[in-house]
Amino acid sequence: QQADGSWKQHANPQRLRTQQAKAVPAELPASSMDRFDDSTGKNKNADTKVRNIALVTVFVVGLCIGVVLAERVYIQRGGKLPKPKFLMTHHDSLARSTEETGSPSRSNLVTIQAANKLSSYSDSSPPRNELERQLRLVAPSKEVMVAVANKNVNWDGMLATFCAGLKAAGIQNHLIVALDQETKSWADQNGFNAYLMDLAIVKAQAGTGDNHAVSAMKFGILRQFVELGWAVLLSDVDIAVLQNPFESLYRDSDVEGMSDGFDERGAYGAIDGFDDPTMGWARYAQYYKHFNLNSGLFYLLANDRTLSLLVRLETRLTKTAYWDQTAYNEEIFFLSHGDYKSPQVTVRVMEIDKFMNSKRLFKIVRHLPAGDQPPKPITVHVNYHPDKHERMKAVVKYYTEGIKTALDAFPGGSEKGSR
């Protein structure tokens, strides 16, 4: 190109082509030469893609590291909110000790007594009421076996048979909540721990029968124990106590209760099917089922959830004539939905051959060959049969005294001849 902007033809075109060829390295292949020509922008797009992949990789790796570190911090700090101090129980301290030592979550009475130094309550502080004063004496480990009784359950000696089981099993941390002075006096005279609660049957439960009316009162009674921080093992008096139940509790759930189920599927739960042929392709569906927990034998930890459960039941049964066992299961198992929120207690079912009901014993277990029968149960609840006391005494003879014919006179059900 000349100074005036015009182009001048090269005198030697062949020489010009030779000079241009020398400008490109001779050792580069044609494909490499093509890369020098980035007029299409392909190389730029490829470089950008590589950088993006690298950035995404770095981000993902950093995110994973952050999640791991956050989880470790969460675990180290306990991963939970602190409970109100007035509901801080011995079991909370025991749980912390278990986490620190790595010992199993299940504990027996020996473990609990050994860990009693960790208890958050102090004997030096004054008792909040008379009930706490007595609980400190009879149940310093902060768990107690409670039976609610009035004179009607002892007219034929049933309360005496129940209490004899407590004594034979060595259960010292028990308390008979006497609803009248006569029952309190009987317990005192026979050397059993008793506490008088002179309570009247609420109007809503009048006419439902003495047993049901008294049973409906127990949730309000137990509320007073839980408020003070005591875990409670509630027992009806139509139960033959054969061993110390505290040695067989797991204490890993808010509610640990006996089942009315008489086999594994019925007690522990099973998935069942539902068939609606009108639905065609979607005719089959599944649902979960199990027998109700029995409201005559259960263990409650002392915490906010169990306190909420007891308050709900107490309130409900003081206003409505309703079977306490039905209300108990509805409050535990009905799912939260809409505006309704359940107490959200955790639940464990007691083992059916350790905490046995009378249908399991009289319909199944006693008919098994001696070598196939389970070991002696902890308790046998005569909940399926009306002749309660007679069967209780027979159960004691069968398991404690070794009289293997003690159960033979009783039918499987309540009807004669039933197996």
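Given R₀ = 51 Å, FRET efficiency for Met197-Arg419 by Cβ-Cβ distance, to 0.05? Let's see the in-between values first.
Values: r = 42 Å, r/R0 = 0.83.
Once rounded, the FRET efficiency stands at 0.75.
How do Lys388, Lys397 rank by accessible surface area computed with a 1.4 Å probe, from largest to smallest? Please report the intermediate quantities before stating the final value.
On the way: Lys388 55, Lys397 95 Å².
Result of the area sort, largest leading: Lys397, Lys388.
With r as the distance between the Cβ atoms of Val311 and Val56 and R0 = 41 Å, compute the FRET efficiency 1/(1 + (r/R0)^6) and round to 0.05. Walk me through the numbers before you get to the answer.
Values: r = 53 Å, r/R0 = 1.30.
The computed FRET efficiency comes out at 0.15.
Search the structure for amide H atoms under 5 Å from the amide H of Met145, placed 1.01 Å from N in the peptide plane, and list their residues when 5 or more places away or on another chain.
Distant-sequence amide H within range of Met145: His174, Leu175, Leu233.
With a 1.4 Å probe and all protein chains kept in place, how do Glu330, Glu143 rank by accessible area, largest first? Display every interim value, and only then the final one.
Working: Glu330 35, Glu143 0 Å².
Correct descending sequence by accessible area is Glu330, Glu143.
So if I place +1 on the C-beta of Lys and Arg and -1 on the C-beta of Asp and Glu, and nothing else carries charge, what would the dipole magnitude of segment 235-282 be about its Cα centre? I want it in debye, nearest 20.
Result for segment 235-282 is approximately 100 debye, rounded to the nearest 20.
Grab the eigenvalues of the alpha-carbon gyration tensor for segment 287-419, scale each by 5, take roots, and send me the semi-axes largest first in whole angstrom.
Numbers: eigenvalues 241, 50, 39 Å².
Semi-axes (√(5λ), whole Å): 35, 16, 14.
To the nearest 0.05, what FRET efficiency results for Asn190 and Lys376 with a Förster distance of 30 Å applied to their C-beta separation?
On the way: r = 25 Å, r/R0 = 0.84.
E(calc), rounded to 0.05, equals 0.75.
Using a 1.4 Å probe, how large is the accessible area of Arg223, given in Å² and rounded to the nearest 10?
Accessible surface of Arg223 is approximately 50 Å².
Using the basic label-point model (7 angstrom from Cα toward the beta carbon), what is the Lys397 to Thr278 distance in nanometres?
So the two model labels end up 5.7 nm from each other.
Which order do you get for Asp339, Asp276, Asp372 if you rank them by accessible area with a 1.4 Å probe, largest at the top?
The residues order as Asp339, Asp372, Asp276, largest area first.
As a test question: what accessible area, to the nearest 10 Å², does Trp323 have when a 1.4 Å probe is rolled over all protein chains in place?
Accessible area, nearest 10 Å²: 120 Å².
Under 12 Å from the Cβ of Gly296, count the other residues' Cβ atoms, weight Lys and Arg +1, Asp and Glu -1, and hand me the total.
Numbers: positive: Lys218, Lys388; negative: Asp236, Asp238, Asp260, Asp324.
Around Gly296, the charge tally is -2.
Of the cross-linked pairs Lys354/Lys397; Lys151/Lys388; Lys142/Lys359; Lys142/Lys376; Lys184/Lys319, which ones have a Cα-Cα span greater than 23 Å in the structure shown? Kindly include the intermediate steps, with their values, before the conclusion.
Working: Lys354/Lys397 17 Å; Lys151/Lys388 16 Å; Lys142/Lys359 33 Å; Lys142/Lys376 27 Å; Lys184/Lys319 28 Å.
Distance filter (> 23 Å) returns Lys142/Lys359; Lys142/Lys376; Lys184/Lys319.
The values are calculated or read from the model by the stated rules, or taken from the named source; none is laboratory data. Since we're looking at a predicted model, the values are computed, not measured. Note: ideal-geometry Cβ built from the backbone for every residue, glycine included; neighbour counts use all protein chains shown. Calculation scope for accessible area: heavy atoms of the full protein, side chains included, ligands and nucleic acids excluded. Shrake-Rupley method; radii C 1.70, N 1.55, O 1.52, S 1.80 Å.
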